[in-house]
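S.K.: Starting off with a structure, shown below.
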Amino acid sequence: MATAVIKNNFYNVSSIVLKPSTAIPTTVAMCSNFCPRISNRLPGPPISSFPTQPRLCVSANAFSSQATNATSKEELPSRIGFLGIGIMGSPMAQNLIKSGCDVTVWNRTKSKCDPLISLGAKYKSSPEEVAASCDVTFAVLAGPESAVDVACGKYGAANGLRPGKGYVDVSTVDGVTSKLISKHIKATGALFLEAPVSGSKKPAEDGQLIFLTAGDKPLYETVAPLLDIMGKSRFYLGDVGNGAAMKLVVNMIMGSMMASFSEGLILSEKVGLDPNVLVEVISQGAISAPMFSTKGPSMVQATYPTAFPLKHQQKDLRLALGLAESVSQPTPIAAAANELYKVAKSHGLNDQDFSAVIEALKTKLQSSEN
Ligand SMILES: NC(=O)C1=CN([C@@H]2O[C@H](COP(=O)(O)OP(=O)(O)OC[C@H]3O[C@@H](n4cnc5c(N)ncnc54)[C@H](OP(=O)(O)O)[C@@H]3O)[C@@H](O)[C@H]2O)C=CC1
Ligand SMILES: O=CCCC(=O)O
């Protein structure tokens, strides 16, 4: 059982029901004032278009007795670094800047930093320089290799860290990689938090991400107000590796759901049904999911505007299968889904949205490749 922390209070998560509009419980509704109050403590102009949806903060039961309201006693980190300005990193950094935070950015492809620099961000030419000039540095990188390289490589962030600083890795990686990065970061005397996110491009833009954190609790408490600017809820899950594992399990389920949904859309059309009607039927029943309603109509049109790149979904399935293998847990559905994403990649769909996996099921596409 997990407990929810909202302002100074702890709640049994199962007793909290988030409903739209007037049905929001008082205790949860209190939290809608949370971020503007925090943001007013940050330097810079007040937020005009800041998301005001409720924030839910959850920590694993084992930690609930120590959990405190992070907003009541922490010193806000005044200089924030951001490494990796991609689909996710860009809107996340943008929300911090718009909230008045002092943000310094770096990206391998420098031009992607330009819009953030226009908004007031500073720029440094290496992860090392960013980490050296900031109190807390966030990283949102493609996967294990880039996350290790940017944190621990030549000119990597670890070179700029020292006691009193913190490093928060938001990239989706496996637990082994996260522990390796943690070891390097902690060897400098700095603190480490893994903080992969659930939620895609739009939730990142809207400050509605779900943070799955693990690692140094004091750093979690320090960055909590920043997580609340970028997200709608945060989970503290204990030791490094638990956040990565939670993220991989979630994305394993998501990847399998999308593959199954794709089969359903294709089959419905083949037997003469309107796949748009299938999307509508699904939306009204027990298997309704925002993912199906949001992506279904564009999948029927065979368009895949990228929110979550297909190559990253296949990476996450690969890492999830490794996680399952490490504990000898059969995951046949995820293994089959992974094969489908690999076929989609072989058709050059790497950078399309992961919903493009449906293309791997199209007979015409497959036979034209044979
Ligand atoms: N998009 C989504 O919906 C979500 C993504 N995630 C995860 O967040 C992370 C980022 O995703 P997203 O923003 O979509 O991905 P993008 O592909 O848009 O961005 C990847 C980032 O990693 C950088 N990068 C890649 N390789 C290297 C390298 N070798 N050295 C240095 N930097 C490198 C890229 O730099 P450059 O610009 O130079 O290529 C870019 O900044 C991934 O781990 C992903 O799985 C998590 C939740 C949702
Ligand atoms: O890692 C990507 C997750 C995408 C999502 O949660 O919608």
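The values are calculated or read from the model by the stated rules, or taken from the named source; none is laboratory data. What you see is a predicted model; the values in this text were computed from it and never measured. Here the Cβ is made from the backbone with ideal geometry for all residues, glycine too, and neighbour counts use every protein chain on show. Just the protein is used for accessible areas: all its heavy atoms, side chains included, with ligands, DNA and RNA removed. Shrake-Rupley method; radii C 1.70, N 1.55, O 1.52, S 1.80 Å.
S.K.: Residues of region 131-151 being among the small types (Gly, Ala, Ser), open to solvent by 10 Å² or more (accessible area, probe 1.4 Å) and away from ligand 1 (no atom under 11 Å from the Cβ), which ones? First the steps, then the outcome.
M.R.: Within region 131-151, the subset among the small types (Gly, Ala, Ser) is 131-133, 139, 142-143, 146-147, 151.
Now narrow it down to the ones that are open to solvent by 10 Å² or more (accessible area, probe 1.4 Å): 132-133, 142, 146.
Residues satisfying the conditions are Ala132, Ser133.
S.K.: Taking region 181-204 on its own, how many of its residues are within 16 Å of ligand 1 (Cβ to nearest atom) and crowded, with 18+ Cβ neighbours inside 10 Å?
M.R.: Residues that pass the stated criteria total 12.
S.K.: Then there's this: Pairs under 6 Å by beta carbon, first residue touching a residue at least 24 places away in the same chain (Cβ under 8 Å) in region 269-295, partner within 16 Å of ligand 2 (Cβ to nearest atom) and open to solvent by less than 70 Å² (accessible area, probe 1.4 Å), six or more apart or different chains?
M.R.: The qualifying pairs are Phe292/Phe261; Lys295/Ser355.
S.K.: Test Gly264 against the criterion of being away from ligand 1 (no atom under 16 Å from the Cβ), modelled with pLDDT of 95 or more and either over 18 Å from Ser171 (Cα atoms) or of a type in the set (Asp, Glu) (or both), and give yes or no. Spell out how you get there, then give the answer.
M.R.: Working: away from ligand 1 (no atom under 16 Å from the Cβ): yes; modelled with pLDDT of 95 or more: yes; either over 18 Å from Ser171 (Cα atoms) or of a type in the set (Asp, Glu) (or both): yes.
When the stated conditions are applied, Gly264 passes them.
S.K.: Okay, moving on. Within region 283-290, identify whether any single residue is over 24 Å from Phe354 (Cβ atoms) and touching an Asp or Glu at 6+ places or on another chain (Cβ under 8 Å), and answer yes or no. Spell out the reasoning first.
M.R.: Taking region 283-290 and keeping what is over 24 Å from Phe354 (Cβ atoms), we get 284.
Of the ones still in play, those that are also touching an Asp or Glu at 6+ places or on another chain (Cβ under 8 Å) are none.
Checking region 283-290: not a single residue is over 24 Å from Phe354 (Cβ atoms) and touching an Asp or Glu at 6+ places or on another chain (Cβ under 8 Å).
S.K.: Does Val176 qualify as being aliphatic (A, V, I, L, M), within 16 Å of ligand 2 (Cβ to nearest atom) and under 18 Å from Asn242 (Cα atoms)?
M.R.: Judged against the criteria, Val176 is not a match.
S.K.: Condition check: out of contact with any helix residue (DSSP H, G or I) (no Cβ under 8 Å at 6 or more places or on another chain) and within 14 Å of ligand 1 (Cβ to nearest atom). Does Val250 satisfy that?
M.R.: Here the answer is yes, as Val250 does meet what is asked.
S.K.: Residue by residue through region 249-278, note down the ones that are open to solvent by less than 60 Å² (accessible area, probe 1.4 Å) and under 26 Å from the mean Cα position of the chain (by Cα). Step through it out loud before you land on a result.
M.R.: Of all residues in region 249-278, those open to solvent by less than 60 Å² (accessible area, probe 1.4 Å) come to 250-252, 254-256, 258-259, 261-262, 264-266, 268, 275, 278.
Scanning region 249-278 gives Val250, Asn251, Met252, Met254, Gly255, Ser256, Met258, Ala259, Phe261, Ser262.
S.K.: Residues that are within 16 Å of ligand 2 (Cβ to nearest atom), open to solvent by 10 Å² or more (accessible area, probe 1.4 Å) and at pLDDT 95 or above: does region 234-244 have at least one?
M.R.: Step one: list which residues in region 234-244 are within 16 Å of ligand 2 (Cβ to nearest atom), which gives 234-235, 243-244.
When the remaining residues are screened for being open to solvent by 10 Å² or more (accessible area, probe 1.4 Å), the result is 234-235.
Filter again for at pLDDT 95 or above, leaving 234-235.
Among the residues of region 234-244, at least one is within 16 Å of ligand 2 (Cβ to nearest atom), open to solvent by 10 Å² or more (accessible area, probe 1.4 Å) and at pLDDT 95 or above, which makes the answer yes.
S.K.: Does Thr188 satisfy being touching a Gly at 6+ places or on another chain (Cβ under 9 Å), within 16 Å of ligand 2 (Cβ to nearest atom) and more than 21 Å from Ile87 (Cα to Cα)? Outline the logic, then answer.
M.R.: Values: touching a Gly at 6+ places or on another chain (Cβ under 9 Å): yes; within 16 Å of ligand 2 (Cβ to nearest atom): no; more than 21 Å from Ile87 (Cα to Cα): yes.
In short, no.
S.K.: Still on this structure, please answer the following. Tell me which residues, restricted to region 115-135, are out of contact with any helix residue (DSSP H, G or I) (no Cβ under 6 Å at 6 or more places or on another chain) and either under 15 Å from Gly81 (Cα atoms) or in contact (Cβ under 8 Å) with a residue 24 or more places away in the chain (or both).
M.R.: As a first pass, look at region 115-135 and keep what is out of contact with any helix residue (DSSP H, G or I) (no Cβ under 6 Å at 6 or more places or on another chain): 115, 117-118, 122, 125-126, 129-130, 133-135.
Matches in region 115-135: Pro115, Ile117, Lys122, Ser125, Ser126, Glu129, Val130, Ser133, Cys134, Asp135.
S.K.: Can you tell me which residue in region 152-180 is most open to solvent (accessible area, probe 1.4 Å), limited to those that are in a helix (DSSP H, G or I) and within 13 Å of ligand 1 (Cβ to nearest atom)?
M.R.: Here is the first cut: in region 152-180, the ones in a helix (DSSP H, G or I) are 152, 157-160, 175-180.
Next, from what is left, pick out any that are within 13 Å of ligand 1 (Cβ to nearest atom): 152, 157, 177-178.
Details: Cys152: 35, Ala157: 0, Thr177: 17, Ser178: 3 Å².
Here the residue is Cys152.
S.K.: When you look at Asp316, is it in a helix (DSSP H, G or I), under 21 Å from Ser171 (Cα atoms) and either among the charged types (D, E, K, R) or touching a residue at least 40 places away in the same chain (Cβ under 8 Å) (or both), yes or no?
M.R.: Details: in a helix (DSSP H, G or I): yes; under 21 Å from Ser171 (Cα atoms): yes; either among the charged types (D, E, K, R) or touching a residue at least 40 places away in the same chain (Cβ under 8 Å) (or both): yes.
It is true that Asp316 is in a helix (DSSP H, G or I), under 21 Å from Ser171 (Cα atoms) and either among the charged types (D, E, K, R) or touching a residue at least 40 places away in the same chain (Cβ under 8 Å) (or both).
S.K.: Search region 81-130 for residues being among the hydroxyl-bearing types (Ser, Thr, Tyr) and out of contact with any strand residue (DSSP E or B) (no Cβ under 8 Å at 6 or more places or on another chain), and hand back the single one that is nearest to ligand 1 (Cβ to nearest atom).
M.R.: We begin by selecting, within region 81-130, every residue among the hydroxyl-bearing types (Ser, Thr, Tyr); these are 90, 99, 104, 109, 111, 118, 123, 125-126.
Pick out the ones that are also out of contact with any strand residue (DSSP E or B) (no Cβ under 8 Å at 6 or more places or on another chain) and you get 90, 99, 109, 111, 118.
Numbers: Ser90: 8, Ser99: 20, Thr109: 3, Ser111: 9, Ser118: 17 Å.
So the residue we want is Thr109.
S.K.: Lys217: away from ligand 2 (no atom under 16 Å from the Cβ), within 23 Å of Lys315 (Cα to Cα) and either of a type in the set (D, E, K, R) or surrounded by fewer than 19 Cβ atoms within 10 Å (Cβ to Cβ) (or both), yes or no? Working first, answer last.
M.R.: On the way: away from ligand 2 (no atom under 16 Å from the Cβ): yes; within 23 Å of Lys315 (Cα to Cα): no; either of a type in the set (D, E, K, R) or surrounded by fewer than 19 Cβ atoms within 10 Å (Cβ to Cβ) (or both): yes.
Here the answer is no, as Lys217 does not meet what is asked.
S.K.: For Ser328, all conditions in the list (1) surrounded by 15 or more Cβ atoms within 10 Å (Cβ to Cβ); (2) not in a helix (DSSP H, G or I) hold save one; what is the number of the exception?
M.R.: Every condition holds for Ser328 apart from (1).
S.K.: Next question. Could you check region 191-216 and list, in sequence order, the residues that are in contact (Cβ under 8 Å) with a residue 40 or more places away in the chain and assigned to a loop (DSSP other than H, G, I, E, B)?
M.R.: Ala195, Pro196, Ser200, Asp206, Gly207, Gln208, Asp216
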